[in-house]
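Novice: Handing you a structure now.
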């Protein structure tokens with residue numbers, strides 16, 4: 001688990017053997033730092049040639065119209081400059097953010113440079129990406145120990 005002390009709003013795990021960057025929102029953090037968090041993840045991905053993102057949307061505050069506009073107008077195009085090929089999204093339990101996450105499926109103007117895959121839990125996402133059970137188990141254990149939240 002990589003801890004970014006200069007950016008405490010996200011939990012980050014990096015697994016170079018599967019070029020995976022996993023991130024989750026730290027509970028109780030303000031959404032005003034959301035764009036910064038995604039920029040930080042993009043920079044890390046470019047520096048380390050990360051091809052797979054697993055983003056756990058559980059605990060993310062409700063995404064408003066400004067954040068959604070920023071995602072659609074700025075983040076999607078900026079991701080084209082990264083090596084990311086697959087985005088695995090763990091959908092939140094709240095309907096609003098789930099609908100926001102599903103927006104790319106319904107908006108023909110969005111043409112992401114990467115594939116988007118949707119999951120109900122992190123275990124399913126990890127199993128989709130990683131065939132070796134021992135790697136999945138190690139990543140889950142590392143995440144659980146460092147973040148105090150379930151895999």
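Novice: If I fit a long axis through the Cα atoms of helix 34-48 and take the longest principal axis of the Cα atoms of the chain, what angle between them do I get, 0 to 90°, rounded to 10?
Specialist: The answer is roughly 50 degrees.
Novice: Let me ask something else. Measure nothing but the geometry: give the 0 to 90° angle between the long axis through the Cα atoms of 133-147 and the longest principal axis through the Cα atoms of the chain, rounded to 10°.
Specialist: Approximately 70 degrees, to the nearest ten.
Novice: Among 151, 46, which comes first, then next, by fewest other beta-carbon atoms within 10 Å?
Specialist: With the fewest neighbours first, 151, 46 line up as 46, 151.
Novice: Please work out the C-alpha center-to-center distance from the range 62-91 to the range 104-120 and express it in whole Å.
Specialist: 9
Novice: Sorted from fewest to most neighbouring beta carbons within 10 Å, what does the list 114, 34 look like?
Specialist: With the sparsest Cβ surroundings first, the list reads 114, 34.
Novice: Still on this structure: For a footprinting-style exposure proxy, rank 120, 149 by other Cβ within 10 Å, fewest first.
Specialist: Neighbour counts put them in this order, fewest first: 120, 149.
Novice: Still on this model: Which of (i) 39, 14, 13; (ii) 27, 17, 12; (iii) 22, 17, 16 is the computed semi-axes √(5λ) of the Cα gyration tensor in Å for the structure on display?
Specialist: (iii)
Novice: Considering only 85, 98, 141, give the residue with the highest GNM mean-square fluctuation for the chain, with springs between Cα atoms whenever their separation is below 10 Å.
Specialist: Taking springs between Cα atoms under 10 Å, the residue moving most is 141.
No value in this document is a laboratory result; all are computed from the given coordinates. What you see is a predicted model; the values in this text were computed from it and never measured. When we count neighbours, we look across all protein chains shown, and the Cβ atoms used for this are built from the backbone with ideal geometry, even at glycine.
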